[in-house]
Amino acid sequence: MLAGLAAAATPALAQVDVGGASRMRSLVPAETLEGSATQQYHQLLEQARAKRALAPEGHPQLQRLRTIAQRIIPYAAQWNPRARDWRWEVNLIGSKQINAFCMPGGKIAFYTGILEQLKLTDDEVAMVMGHEMAHALREHARSRIAKSQATSIGLSLGAQLLGLGDMGNAAANLGTQLLTLKFSRGDETEADLVGLELAARAGYDPQAAVSLWRKMGEATGSGGVGFLSTHPTGPDRIRELEQNVPRVRGLYEQARRR
């Protein structure tokens, strides 16, 4: 069944090679998942606001994050045309947790812990943001849900093509799963490389991806590293990034000349 679902094309101008996106994701309605994500995101913000943990509009770190996002977002649509219509949001939540995410539909949040405890430079923040945006752009959550539901309910290919009600319901009733969803090693590699290219096109030094993941590795022994529970680090990850930095350096240098 999976072999019969051919992959979609990678953007023609991409400098990194991540192959095609799985068409399994088409079995879950994008609009339903994005709507559920938006609802969960705003619930999370309300909870943070009630605890006085949501950064106000004038917060310098929030402004920093939004400036970085504004530079990266223009390059998102080449990886997913739907991104042109996403209502992107960027917020900062006060927490010691080392964490950040981008939900389907472009809903981004950083926790102060990742900025402060890892002392991230702007280039490193851009690598985190690009990575998280890449998960949303490549629709990894949508694919994981489709694969999980197809396995659990034993759908035949014919049933998948004729009716998506069960998968649509799964997408609409995720609860907090989007925040704890664990992606595959392949998903993580895709997000690393697509995020690397996004950030480089926006003028952020791709070498920062290597320094970022080294910092993540050093933080493994720290408490509350939520990011590492869903994004495990290791020498293979850093090696893959090191091999791909030269592929996007030209994009970075071109962006710096603009």
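Accessible surface for Lys215 stands near 50 Å², nearest 10, in the context of the full protein assembly shown (1.4 Å probe). For the stretch 39-65, the residues whose backbone nitrogen is under 14 Å from a point 7 Å from the Cα of Arg87, taken along Cα to Cβ, are 39-43. Across the stretch 243-258, coupling constants 3J(HN,Hα) worked out from phi with the 6.51/-1.76/1.60 Karplus curve, θ = phi - 60°, read 5, 9, 3, x, 5, 10, 4, x, 5, 5, 5, 5, 5, 5, 7, 6 Hz, and Gly and Pro carry x.
Rolling a 1.4 Å sphere over the protein heavy atoms, what is the accessible area per residue of the stretch 100-139, to the nearest Å²?
Working: 790 Å² over 40 residues.
The answer is 20 Å² per residue.
Among Arg247, Arg185, Arg257, the order of accessible area from largest down is Arg185, Arg257, Arg247, computed with a 1.4 Å probe on protein heavy atoms.
With a simple spin-label model that places each label point 7 Å from the Cα along the Cα-to-Cβ direction, the separation between Gln47 and Gln61 comes to 1.9 nm.
The values are calculated or read from the model by the stated rules, or taken from the named source; none is laboratory data. What you see is a predicted model, and the numbers here were worked out from it, not measured in a lab. Neighbour counts are summed over all protein chains in view; Cβ atoms, including those assigned to glycine, are modelled from backbone coordinates with ideal geometry. Note: areas computed on protein heavy atoms with side chains; ligands, DNA, RNA excluded. Shrake-Rupley method; radii C 1.70, N 1.55, O 1.52, S 1.80 Å.
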